[in-house]
Amino acid sequence: MMLTAFWLIAYVVGSINASIFVLKMKTKQDPRTLYSKNAGTSNVYRILGWKWAGLVLISDVGKAFLMSATAVRFLSAPAQIWVGFFLLLGNRFPCFHGFKGGKGVAHFIGFSLFPTPLFTVLSLAGWCVGYLFFRRSFAGSMVLVTILGMGLVLTSGTDFMGIAGVIVCMGFIIFNHKTNLLALISQNRDRDVSDKAGDGL
C-alpha cells in the first residue's frame with residue numbers, strides 16, 4: 001500500500017512540467033511545438049537562454065531530489081528505484097499536459113542525487129565529455145544516464161528488484177531518445193559512405 005501510494009505521488013510530481021509552465025508564462029507558447037519539440041531544459045535554453053533554462057533545471061532536479069529524500073525514509077533501496085521510474089513516467093506522459101512531456105534526464109539526476117551524490121557529480125562530468133565528443137546534448141545525456149545507473153546499482157545492492165528498476169529506468173530514458181540515436185547512427189553511416197567514396201578518388 002505504501003509503495004503504491006509513492007508510485008502515484010511520484011507520477012503526479014513528475015507530471016508537473018516546469019518547461020511548459022515557463023514557456024507559456026513568458027511567451028504564451030509551448031516548448032513541444034518549438035525547435036526540438038521537447039519539454040525540457042535544453043529546449044528552454046534554445047528559446048529563452050540560460051536564465052530560464054537554469055530555473056527549469058533546478059525545478060526538475062529539486063522536486064525529484066525531494067521525492068527521493070522522502071522515499072528513503074519509508075522504503076527499501078530497491079523499492080525507491082521504482083518510485084524513480086514512476087517519476088520518469090510522469091515526466092514523459094504528464095497527466096496535466098496531455099500525456100506528452102519531456103525525456104526524464106533532469107528527473108533522473110535529481111532522483112539519483114540523494115542516494116548516490118558522488119556518481120551524480122561524476123555523471124555531470126560524463127555529460128560534458130559526451131557533449132564535447134559528439135557535439136550533441138543527448139549524447140552527453142546517454143553518458144550521464146549510464147554513470148547514474150552504475151551508481152544506483154551500487155546503492156541498491158544485488159537485489160533483483162533494485163537492479164531491474166535501474167535497468168528499466170535507463171532503458172526508458174534511452175528509448176525516449178531513440179529519434180536522436182537513430183539520427184546519429186544515420187549521420188555516421190552517411191559519413192562512412194562519403195569517406196569510402198573519397199578514398200576511391
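The values are calculated or read from the model by the stated rules, or taken from the named source; none is laboratory data. All figures in this text were calculated on a predicted structure; none of them were measured in a lab. As a convention, Cβ positions derive from the backbone with ideal geometry for all residues, glycine included, and neighbour counts pool all protein chains shown. Areas reflect the complete protein model, heavy atoms only, side chains present, ligands, DNA and RNA absent. Shrake-Rupley method; radii C 1.70, N 1.55, O 1.52, S 1.80 Å.
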Scalar couplings 3J(HN,Hα) for the range 20-27 by Karplus 6.51 cos²θ - 1.76 cosθ + 1.60 (θ = phi - 60°), nearest whole Hz, x for Gly and Pro, are 5, 4, 5, 5, 5, 6, 7, 10
Note the angle between two axes, namely the Cα long axis of helix 117-134 and the longest principal axis of the Cα atoms of the chain, as a number of degrees from 0 to 90, rounded to the nearest 10. 20 degrees
Take LEU66 and ALA5, extend 7 Å from each Cα along the Cα→Cβ direction, and tell me the distance between the two endpoints in nm. 1.8 nm
Using the Cα centre of the chain as the reference point, and only Cβ charges (+1 on K/R, -1 on D/E), how large is the resulting charge dipole? Debye, rounded to the nearest 20. 700 debye
Between ARG135 and LYS28, take the C-beta separation as r, use R0 = 41 Å, and let me know the FRET efficiency to the nearest 0.05. 0.80
May I ask for the angle, rounded to the nearest 10°, between helix 77-92 and the longest principal axis of the chain, with both axes built from Cα atoms and the value confined to 0 to 90°? 60 degrees
Which ³J(HN,Hα) values, rounded to whole Hz and listed in residue order, are derived for the range 32-49 from phi using the Karplus coefficients 6.51, -1.76 and 1.60 in 6.51 cos²θ - 1.76 cosθ + 1.60 with θ = phi - 60°, glycine and proline given as x? 6, 10, 10, 6, 6, 6, 9, 8, x, 4, 4, 6, 5, 4, 4, 8, 10, x
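Can I get the semi-axes of the range 4-100's equivalent ellipsoid? Compute them from the C-alpha gyration tensor as square roots of 5 times the eigenvalues, in angstrom, largest first. Walk me through the numbers on the way to the answer.
Working: eigenvalues 144, 37, 18 Å².
Equivalent ellipsoid of the range 4-100: 27, 14, 9 Å, largest first.
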Taking the Cα centre of each part, how many Å lie between the range 81-106 and the range 1-68? 9 Å
Roughly to the nearest percent, how much of the accessible area of the range 109-169 is carbon and sulfur, given a 1.4 Å probe? 80 percent
For volume of the Cα convex hull per residue in Å³, several values are listed as (1) 129; (2) 117; (3) 138; flag the one computed from this structure. (1)
For the chain, what is the accessible area per residue in Å² when the probe is 1.4 Å? 53 Å²
For the range 50-65, Karplus couplings with θ = phi - 60° (6.51, -1.76, 1.60), whole Hz, Gly/Pro x: 5, 4, 6, 5, x, 4, 5, 4, 4, 5, 5, 5, x, 5, 5, 4
Taking 1-8, 177-184, 79-86, 18-25 and ranking on average Cβ neighbours within 10 Å, highest first, one gets 79-86, 18-25, 177-184, 1-8
